[in-house]
1. (1) open to solvent by 40 Å² or more (accessible area, probe 1.4 Å); (2) within 30 Å of residue B:373 (Cα to Cα): which one isn't true of residue B:219, the others all being true?
2. May I ask you to say which residue of A:143, A:132 is touching a residue at least 12 places away in the same chain (Cβ under 8 Å), under 13 Å from residue A:256 (Cα atoms) and open to solvent by 10 Å² or more (accessible area, probe 1.4 Å)?
3. For residues that are surrounded by 24 or more Cβ atoms within 10 Å (Cβ to Cβ), within 7 Å of chain A (Cβ to nearest Cβ) and not in a helix (DSSP H, G or I), tally how many sit in region B:402-419.
4. Of the residues that sit in region A:52-71 and are open to solvent by less than 40 Å² (accessible area, probe 1.4 Å) and either touching a Ser or Thr at 6+ places or on another chain (Cβ under 9 Å) or more than 18 Å from residue A:128 (Cα to Cα) (or both), which one is farthest from the other protein chains (Cβ to nearest Cβ)?
5. Taking region A:144-196, which residues are closer than 16 Å to residue B:419 by Cβ and hydrophobic (A, V, I, L, M, F, W, C)?
6. Restricting to region A:191-209, name every residue that is within 12 Å of another protein chain (Cβ to nearest Cβ) and β-branched (Val, Ile, Thr).
7. Here are A:49, A:21: which of them is in contact (Cβ under 8 Å) with a residue 24 or more places away in the chain, open to solvent by 30 Å² or more (accessible area, probe 1.4 Å) and among the aliphatic types (A, V, I, L, M)?
Amino acid sequence: MNDWPLLSTIIFLPLLGALLLTLIRGQDKDVALAAKATALWVAMSTFLLTLVLWYAFDPRQEGFQFAESSVWIAESGIGYRVGVDGISLFFVVLASFLTVLCILASWRSVAKRVRDFMAAFLVLESLSLGAFLATDTVLFYLFFEGVLLPMFYIIGVWGGERRIYAAFKFFLYTLLGSLLMLLSILSLTWIGGTTSFSELMQTEFSPALQKILWLGFFASFAVKTPMWPFHTWLPDAHVEAPTAGSVMLAGLLLKMGGYGFLRFCLPILPDASQFYAPLVFVLSAIAVVYASLVALVQTDIKKLIAYSSVAHMGFVTAGLFADNAQALSGAVMQMISHGLVSAALFLCVGILYERAKTRDIGAFRAVVQPMPVYARLTMVFMLASIGLPGTSGFVGEILTLLGVFRASPATAWVLALGMILGAGYMLHLYRRVFFGASEAKPAALYDLHLRENVILTSLVLPVLWIGLYPMPFLRIVALPLAPILGAAAP
Amino acid sequence: MSEVLAALWFSLGVELVLACATLLLLLLGLLLPERNSARLVCYLSILLLVALAALLLWSRQDWRFSNESFSSEPAVTAVASLIDRHFRLDAFALFGKVLILLTTACVLVIGQVFVRHEAVSKSLYRFEYVIVVLLATLGMCLMVSAQSLLALYVGLELQSLALYICAAFQRDNLRSSEAGLKYFMLGALSSALLLFGCSLLYGSVGAIDFASISSASLSGESSLMLQVGMVLTLSAIAFKISAVPFHMWTPDVYEGAPSSTVAFLATAAKVAALALLMRLLVEAFLPLSEAWQPILALLALASMLLGALATLPQSNLKRFVAYSAITHIGILLIGFATATPEGMRAVLFYLSIYMTMTLGLFAVLLAMRNAGQPSERLYDLSGLSHTDPKAALALSVLMFSMAGLPPFAGFFAKFYIFLEALRSDLAWLALCGVVASVVSAFYYIRIVKVMYFDEPQEQVTLRGRSNRWILYGAAVAVVVLTLSPSWLLQQSEQAVRVLFAL
């Protein structure tokens with residue numbers, strides 16, 4: 001059992017499933033159904049495997065666990081190295097969990113080219129799992145940028161009206177950032193002489209060099225996170241992407257930015273991270289306030305939630321660079337929480353859109369009457385997004401805020417202001433859509449059926465769990481964060 | 001006597017076989033009935049090319065590429081050294097030749113479906129066409145093992161003259177004739193430059209072999225004349241590889257010339273010219289590297305930027321290929337500009353992968369039919385994912401790879417070029433390469449967009465089973481080379497080590 005390459009199995013099982021999908025033959029209708037079923041089974045199995053991983057994970061052991069390492073390109077010292085630690089563990093579980101939900105959520109809403117859609121999702125899952133599990137810079141880059149390809153298809157083929165524009169914008173924006181990061185990775189490889197994370201962490205780079213390399217990484221992760229002012233691709237991509245695409249985008253792809261900061265900038269380039277921390281604080285503070293204000297005036301529900309993502313990621317970036325344990329674990333918790341909550345909110349919007357075929361806030365009124373269960377579940381997610389105590393959002397935000405306050409009180413004040421604004425736009429949205437007098441029934445709205453109920457409820461549980469009893473998560477997360485804090489020169 | 005033959009065989013074996021076989025095929029083509037001659041000669045040539053490549057690969061362990069094993073009989077050594085001074089089959093030449101022979105074979109295979117089409121078959125579906133292609137290949141093989149200016153010129157001219165004919169082969173087509181003429185005029189100009197450069201080199205060194213030029217420039221006698229000669233020679237070769245600002249002929253010739261010729265121009269001809277450039281730079285001009293590094297860096301910069309920007313508005317696939325080739329040449333030239341063995345290794349690695357991708361693209365281009373007519377419009381690929389999902393998938397893999405996106409081999413190709421650029425303090429060039437890559441990614445994914453996001457065009461089909469296999473083969477190769485690039489890297493490394501005499 002110990003020799004079994006569990007991580008490789010987790011990474012490549014979905015890819016195998018995608019290949020399997022191409023073998024399905026028959027009538028269009030049968031193919032679609034078989035493809036959905038196969039994809040669901042593959043995603044479920046992967047999810048179960050990640051749960052096994054969580055169970056078998058030893059929270060007291062430092063460094064990467066379940067590590068696999070083999071030579072890939074001997075000439076350049078590039079290896080196939082994967083491993084899991086406290087930081088990546090939850091992202092891996094999150095990735096496989098969200099994929100299952102996405103496949104369920106697209107069960108009916110995707111009508112054309114179902115097989116390709118499912119295959120794209122499985123490939124996307126494979127690549128994002130790989131990005132979180134890779135412990136080799138080149139391998140990480142391969143997965144990190146590879147994620148673009150299935151996402152490009154998902155937005156471009158199954159997206160809304162302006163899907164082509166959005167797909168190109170998303171692709172090119174991210175690609176430019178990624179390639180700049182590639183230059184930094186190449187320099188690390190060349191100067192450090194290795195591509196392994198753990199060896200790079202032990203290598204000292206001169207501060208001047210760090211500052212240049214840091215900018216390369218920053219270019220990529222700031223676009224991916226996204227940080228203001230590099231966020232402009234996000235609203236377009238979210239609005240045009242199909243619901244499941246938005247879920248993956250918000251739940252996983254954005255996390256890769258923060259994860260990248262945690263893996264590269266902080267431990268490998270600590271001096272530069274300290275040097276640039278004020279810049280990150282300013283950008284984060286602007287992001288939180290600016291995105292919240294923009295969210296206030298949106299008329300498209302999906303766009304509003306997209307902007308709220310930008311605001312929440314502002315918390316994450318500020319927390320990451322606050323250089324203390326509280327803020328760091330707060331930022332990681334915030335990422336996990338946001339992965340669940342924003343995914344849930346996009347699913348909620350998708351459910352509404354499926355029924356009414358519009359996402360315009362003005363088109364809805366008193367939705368609570370035809371859809372009471374839906375209204376209740378959405379309320380939970382909105383409150384979690386605001387950061388109400390007892391939900392996962394609270395844990396992340398309060399820890400981040402406390403930590404950032406110690407590093408930069410001014411930033412913390414602005415972030416707190418952002419929280420108030422966040423409550424403003426969310427509650428405003430909720431009031432306009434769910435309450436009010438219902439003069440006429442807007443459209444044929446009906447309450448959740450079983451599948452949707454299962455999807456949303458399964459998201460409520462972890463949101464409340466993290467909110468009420470975050471210790472199991474915090475304990476696992478905290479251990480690998482300690483060396484990151486120690487990395488910076490005093 | 002047999003030892004003289006052996007010496008000949010060691011340095012010129014492939015060329016001798018190729019030349020004799022070409023003449024035999026010419027005869028055979030005349031004797032065969034006209035109906036079958038083109039097809040039979042083509043099949044035989046493909047067989048010949050593949051067999052020669054296989055022979056080269058198989059025999060590389062046994063041949064030590066040196067004359068040590070020869071007897072000390074003076075006549076034999078004299079002949080052997082005479083040949084050796086002009087042509088040498090070393091590991092580098094072997095690498096180049098195998099690449100040239102295989103790409104030419106593939107070009108002939110995928111060209112079949114094009115030349116057989118009724119609209120073009122009258123002028124193109126003739127056995128002479130294949131013979132001319134073989135002659136060009138002979139010239140290319142001579143180019144990659146050239147050891148002296150004379151050999152260089154002979155090889156280059158044989159290749160060029162044959163290519164002019166190939167470009168103008170479609171006699172009843174005005175555009176083809178125009179392309180041939182244009183190519184010939186500008187090619188003649190570049191030949192003149194080359195000759196002038198060679199004469200200056202000879203004038204200042206007093207010898208024509210690369211080794212003497214190298215030692216002359218090493219011993220501090222690098223006169224102005226030598227440098228001017230070098231620049232003129234380099235510009236002539238820059239013309240052949242269509243590096244900016246010597247690229248003007250490329251889009252027009254690519255658009256006008258018959259597609260099967262363009263496939264040849266864009267693959268094997270590029271390999272030969274780049275290999276020649278590498279040999280010349282390393283074996284003759286390495287001591288002057290400080291002089292030519294900035295030249296190549298500038299050529300690289302100009303080619304990348306102009307290529308990337310000029311590809312954007314193209315809607316004709318052949319012009320598209322022409323400009324995107326200029327971008328790729330620019331990125332390859334970054335590797336040259338490093339002037340290090342690792343940089344050159346990266347170039348060979350990139351070149352091999354780039355050839356694979358280009359062959360796959362041409363396999364589609366040559367097979368495209370709109371309402372039965374050969375088509376070269378980009379938008380005729382619209383909705384190919386509906387009408388022909390497998391081909392669309394394979395082509396999009398190639399496009400992603402061309403754009404340098406992981407997890408495809410094009411990524412590692414760029415990876416090594418940029419790595420060596422950083423290592424040689426050419427970070428600014430690598431940065432420009434990144435910008436060019438992003439711009440070029442736009443037009444590569446535009447092809448993916450056309451195939452996947454746009455509405456299908458019912459009348460567009462892809463013909464030819466062999467083209468399909470080459471396309472799939474290229475796509476698979478691009479994936480396999482990502483999973484295990486080591487083999488190709490090692491081959492490139494061996495080839496480069498010989499050049500640098502490591």
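The values are calculated or read from the model by the stated rules, or taken from the named source; none is laboratory data. Since we're looking at a predicted model, the values are computed, not measured. Methodologically, a virtual Cβ is constructed for each residue, glycine included, from the backbone with ideal geometry; neighbour enumeration extends over all protein chains shown. Side chains included, ligands, DNA and RNA excluded: accessible areas come from the protein's heavy atoms. Shrake-Rupley method; radii C 1.70, N 1.55, O 1.52, S 1.80 Å.
1. Just one mismatch for residue B:219, condition (2).
2. Values: A:132 fails: open to solvent by 10 Å² or more (accessible area, probe 1.4 Å).
A:143 is the lone residue from the list that is touching a residue at least 12 places away in the same chain (Cβ under 8 Å), under 13 Å from residue A:256 (Cα atoms) and open to solvent by 10 Å² or more (accessible area, probe 1.4 Å).
3. Of the residues in region B:402-419, 2 are surrounded by 24 or more Cβ atoms within 10 Å (Cβ to Cβ), within 7 Å of chain A (Cβ to nearest Cβ) and not in a helix (DSSP H, G or I).
4. Quick first cut of region A:52-71, residues open to solvent by less than 40 Å² (accessible area, probe 1.4 Å) only: A:53, A:57, A:65, A:68.
Add one more test, that the residue is either touching a Ser or Thr at 6+ places or on another chain (Cβ under 9 Å) or more than 18 Å from residue A:128 (Cα to Cα) (or both), and what stays is A:57, A:65, A:68.
Values: A:57: 27, A:65: 25, A:68: 16 Å.
Across region A:52-71, the extreme among qualifying residues is A:57.
5. Passing the criteria: A:179, A:180, A:181, A:182, A:183, A:185, A:186, A:188, A:190, A:191.
6. Passing the criteria: A:191, A:195.
7. On the way: A:21 fails: open to solvent by 30 Å² or more (accessible area, probe 1.4 Å).
Being in contact (Cβ under 8 Å) with a residue 24 or more places away in the chain, open to solvent by 30 Å² or more (accessible area, probe 1.4 Å) and among the aliphatic types (A, V, I, L, M) holds for just one of A:49, A:21, which is A:49.
Results for (1) at pLDDT 90 or above; (2) closer than 19 Å to residue B:409 by Cα; (3) open to solvent by 10 Å² or more (accessible area, probe 1.4 Å), shown as yes or no for each residue.
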site	(1), (2), (3)
B:430	yes, yes, no
B:437	yes, yes, no
B:444	yes, yes, no
B:461	no, no, yes
B:476	yes, yes, yes
B:480	yes, yes, yes
B:493	yes, yes, yes
B:502	no, no, yes
